[in-house]
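The values are calculated or read from the model by the stated rules, or taken from the named source; none is laboratory data. These numbers come from a predicted model, not from an experiment. No Cβ is skipped: glycine too gets one built from the backbone with ideal geometry, and neighbour counts run over all protein chains shown.
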Amino acid sequence: MVRADTTPPGDWSGTPFGHLDIRTLVATERQQSEMVMVGQTIYGPGETHEHHLHPDAEEVVIVMSGRGWHRVGSEYYDIGPGDIVFVPANAPHSAGADEGDEPMVIVWVLGGAGSLEKAGYAAVPELPRVR
């Protein structure tokens with residue numbers, strides 16, 4: 001049993017997401033899971049996460065509160081509480097919270113990997129937003 005609100009943020013300093021509040025909830029390092037990693041990320045107003053991909057894991061993002069956007073490939077989605085975004089393995093994606101007073105809180109699941117190292121992580125250039 002684990003709770004996001006009592007799990008301290010991890011030390012992600014020195015990474016592209018060191019500015020975010022990221023809490024690892026289920027992972028190889030915590031429960032010896034082999035095929036799934038679950039975490040919570042809190043984006044402050046206007047904060048973003050770089051465009052990247054995971055070559056060896058699928059990802060599901062569930063918005064718990066706040067509003068923002070998620071990009072998968074060239075598709076942009078405006079997201080809010082209750083929305084779920086599926087990211088196929090090896091698909092470039094990025095996210096960010098809307099400006100304003102409320103942070104965006106998401107829960108994410110990496111399927112097929114119990115750690116970020118096993119999922120893989122690679123930054124990719126982001127193309128301009130076209131609507």
>> Quick test for you: out of Glu102, Glu29, pick the one residue that is out of contact with any Cys (no Cβ under 7 Å at 6 or more places or on another chain), under 21 Å from Met1 (Cβ atoms) and of a type outside the set (Val, Ile, Thr).
In response: Glu29
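Listed here are the residues, each with its yes/no results for (1) more than 20 Å from Asp21 (Cβ to Cβ); (2) touching a residue at least 40 places away in the same chain (Cβ under 8 Å).
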{"position": "His70", "(1), (2)": "no, no"}
{"position": "Pro81", "(1), (2)": "no, no"}
{"position": "Asn90", "(1), (2)": "yes, no"}
{"position": "Gly96", "(1), (2)": "no, yes"}
{"position": "Glu99", "(1), (2)": "no, yes"}
{"position": "Leu110", "(1), (2)": "no, yes"}
{"position": "Lys118", "(1), (2)": "yes, yes"}
{"position": "Tyr121", "(1), (2)": "no, yes"}
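Yes or no, residue by residue, for (1) under 25 Å from Gly14 (Cα atoms); (2) modelled with pLDDT of 95 or more:
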| site | (1), (2) |
| --- | --- |
| Glu50 | yes, no |
| His54 | yes, yes |
| Gly82 | no, yes |
| Glu126 | yes, no |
